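One structure is given below, encoded as structure tokens.
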Amino acid sequence: MIIYYNILEVLVVLVPILMTVAFVTIAERKVMAAMQRRCGPNAVGVWGILQPFADALKLLVKEIIIPRQSNSLLFVIGPCITLIFALLGWAIIPFGEGLAIFDYELGVFFALAVSSIGSYGILISGWAANSKYAFMGAIRSTAQLLSYELVFSSIVLILIIFSGSFSLTYIVECQQAVWNIFPLMPIALMFFIAILAETNRPPFDLPEAESELVAGFMTEHGASIFVFFFLGEYSSLILMSSFMSIFFLGGHHCPDLHKIILDPLIYLFYFLERHISPFFIQIYEQFAFYNSNIITTNNNHSLVLSEQLQNNYFTKFSSRDTVFEFINILIDKVYGSYILGFKIIIVVFFYIWVRASFPRFRYDQLMSLCWKELLPLVFAYILFTISLFYTFDMMPFGITF
């Protein structure tokens, strides 16, 4: 039974993620069309909303072509590795209070490992295709990911110093009062640049530069094998957006919105309890009258039964504290996921905005930005943070020098 429950948990998380990937693609094309004053997809379905499914169907029914001189086994395994590790990172994401598949105490290390191993799929695919364009794209991608992984991990070290824990859940709980983006605004901007490069998104999409490398490491891939790369790329985009939301935007916390949602629901519950409940009680009486021999045609007896039903019903929720507690528990388990999802949507919108606004970097500019500008700034900020905390005796518990 526990195995079926665990499988259900995984499906509840992964199926919406894969559906989100489909709608992120249509959102990206529609938003870029609006920014560039042109029409996006608008022929398939209402407002073109079914265009992602048409694209997926087209790719799935195409013939799978594997180059004769390629390593066919690695040619297929590479995209699978990319997709698997893009989806594996969702295992430690805290969607709400107590809502995580695996609340790992070393979740930060798990996130770094997942984001790093995904580059192996790209390297294996580029090498196995036996094409100079794919191989050059794989080399570029590996160098880019390893370079910006240093920036990514160094920024995470700053967040560990701030919170004093390696758990993503604890990092989120430390932002109940103030989100990390306010005291760490420069670090948040550098983190956003790093995740742009980590996901090979414009203007850092040098591994798949059309003008130089045709399609980079996925030049020889097509049909359903290409779908794995496609899903892996957009799954990594949403995963990195969730890391941005957890590390800097407070994760599933938004206290003011909680109050705005909670009070109207309490008033709605009172209204339904006072006006709708007697109607259902009358329906229950009629059902009991025709299906039980206990109730007689005596009106007095029916009236007594009605009063008993009402008393039994209203005693459960007669106290405002009981109603408040019931709705509070229900919303605490649900609304945090919506808050986190809304923050992820905002970060994804900035992804699209950057793609529509900035031209592609040259490869030397990309590497220079990492090694000569971002990395020294991050190291300086690490030393500054440690010095400041140590000077004012603010080091988190467990971190000593």
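No lab work stands behind these numbers, since they all come straight from the coordinates. Here the structure is a predicted model, which is why all the values come from computation and not from measurement. Here the Cβ is made from the backbone with ideal geometry for all residues, glycine too, and neighbour counts use every protein chain on show.
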Problem set entry | Added length on full extension, which subtracts the Cα-Cα distance from 0.36 nm per residue, Ala380 to Leu73 | 106.0 nm
For this session: Given the peptides 151-163, 194-206, 17-29, arrange them by the average over their residues of other C-beta atoms within 10 Å, most packed first.
Result: 194-206, 151-163, 17-29
Exercise. Past the 30 Å Cα-Cα mark, which pairs from Lys58/Lys132; Lys62/Lys343; Lys58/Lys343; Lys30/Lys372?
Worked result: Lys62/Lys343; Lys58/Lys343; Lys30/Lys372
